[in-house]
1. Filter region 30-54 for residues that are surrounded by fewer than 17 Cβ atoms within 10 Å (Cβ to Cβ) and either outside any helix (DSSP H, G or I) or of a type in the set (A, V, I, L, M) (or both); which is modelled with the lowest pLDDT?
2. Listed residues L60, L74, L120; which is at pLDDT 95 or above and either of a type in the set (A, V, I, L, M) or more than 14 Å from the chain's Cα centre (by Cα) (or both)?
3. Could you list all residues from region 77-106 that are in contact with a strand residue (DSSP E or B) (Cβ under 6 Å, 6 or more places away or on another chain), more than 8 Å from the ligand (Cβ to nearest atom) and part of a loop (DSSP other than H, G, I, E, B)?
4. Please verify whether Y154 is closer than 18 Å to S32 by Cβ, in contact (Cβ under 8 Å) with a residue 60 or more places away in the chain, among the aromatic types (F, W, Y) and assigned to a helix (DSSP H, G or I), treating the condition exactly as stated.
5. Pairs, please: C-beta under 8 Å, at least 6 apart or cross-chain, first residue over 16 Å from D131 (Cβ atoms) and in region 30-55, second not in a helix (DSSP H, G or I)?
6. Please verify whether K64 is assigned to a helix (DSSP H, G or I), within 11 Å of the ligand (Cβ to nearest atom) and in contact with a helix residue (DSSP H, G or I) (Cβ under 6 Å, 6 or more places away or on another chain), treating the condition exactly as stated.
7. If I go through region 107-148 residue by residue, how many of them are buried (at least 17 other Cβ atoms within 10 Å of the Cβ), more than 13 Å from the ligand (Cβ to nearest atom) and part of a loop (DSSP other than H, G, I, E, B)?
8. Given the conditions (1) assigned to a helix (DSSP H, G or I); (2) touching a residue at least 60 places away in the same chain (Cβ under 8 Å), and given that E24 satisfies all but one, which numbered condition is not satisfied?
Amino acid sequence: MKKHLLFLGAPGAGKGTQAALLSEINSYLHLSTGELLRKEIEMNTDLGKQVKSIINKGELVSDKLVLEIVQKNLDKDNKGWILDGYPRNLSQANSLSEVLIKKNQPLEIVFYLDIPEEVLIKRLLIRGRKDDNEDTIKTRLKIYKRNTEPLIEYYKNLSLLEYVNADGDLKTISEDIRQKMA
Ligand code: B4P
């Protein structure tokens with residue numbers, strides 16, 4: 001059973017949803033950079049104040065800030081971990097690789113949640129989080145295509161990538177993921 005996993009996919013592809021399900025089943029650490037940043041905003045911390053407008057515009061928070069959060073959380077005791085929403089560009093992927101080499105915990109599998117754009121736009125508009133309005137979704141998708149999509153090829157070249165059809169019901173997708181990580 002794989003213990004060190006990563007979820008990659010467009011905004012709304014279901015990374016957070018599937019990572020939460022899987023982490024509950026396996027008691028793995030679920031590390032969602034989006035969720036961690038939103039908590040900082042909720043608690044009105046200095047970091048939260050710095051990132052609030054960036055997130056609400058749908059832009060990416062600085063690589064340095066996100067790396068600090070990831071490192072801090074990966075140091076917690078765990079039986080395994082699932083990264084959700086990190087890395088989001090090549091520079092973050094390279095930093096992650098350095099961190100994991102030092103920890104001697106190499107990534108074992110990268111799930112790419114594949115989904116048509118029209119499905120995810122619908123999902124996000126229904127959810128209606130603060131950054132789920134049409135303008136922000138457009139920005140998030142543009143940034144995803146430019147910065148994050150190249151990671152599919154990056155992890156494919158490292159023979160870590162597993163395709164998951166994310167346009168289906170939660171349970172079917174979750175079962176597919178669990179089979180692939182066995
Ligand atoms: P995230 O929190 O990562 O948000 P996301 O990509 O939109 O969510 P996800 O794909 O996890 O979708 P979800 O499961 O929730 O990022 C938010 C922001 O934080 C970014 O825009 C950026 O500003 C910042 N940020 C985060 N990480 C960063 C980084 N590394 N570097 C810089 N900035 C960073 O699913 C969406 C909806 O679909 C939900 O309502 C869910 O219930 C529904 N859904 C899921 N699966 C479904 C299914 N199978 N069928 C029907 N509905 C489904």
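The values are calculated or read from the model by the stated rules, or taken from the named source; none is laboratory data. All values derive from a computational prediction rather than experimental measurement. Cβ placement follows ideal geometry from the backbone for every residue including glycine, while neighbour counts extend to all protein chains displayed. Only protein heavy atoms, including side chains, enter the accessible area calculation; ligands, DNA and RNA are left aside. Shrake-Rupley method; radii C 1.70, N 1.55, O 1.52, S 1.80 Å.
1. T45
2. Just a single option satisfies the conditions, and that option is L60.
3. Answer for region 77-106, where residues must be in contact with a strand residue (DSSP E or B) (Cβ under 6 Å, 6 or more places away or on another chain), more than 8 Å from the ligand (Cβ to nearest atom) and part of a loop (DSSP other than H, G, I, E, B): N78, Q105.
4. Working: closer than 18 Å to S32 by Cβ: no; in contact (Cβ under 8 Å) with a residue 60 or more places away in the chain: yes; among the aromatic types (F, W, Y): yes; assigned to a helix (DSSP H, G or I): yes.
Answer is no for this residue.
5. H30/W81; H30/I82; H30/D84; L31/W81; L31/I82; L31/L83; L31/D84; L31/Y86
6. Values: assigned to a helix (DSSP H, G or I): yes; within 11 Å of the ligand (Cβ to nearest atom): yes; in contact with a helix residue (DSSP H, G or I) (Cβ under 6 Å, 6 or more places away or on another chain): no.
Against the criterion (assigned to a helix (DSSP H, G or I), within 11 Å of the ligand (Cβ to nearest atom) and in contact with a helix residue (DSSP H, G or I) (Cβ under 6 Å, 6 or more places away or on another chain)), K64 does not qualify.
7. Qualifying residue count for the region: 1.
8. (2)
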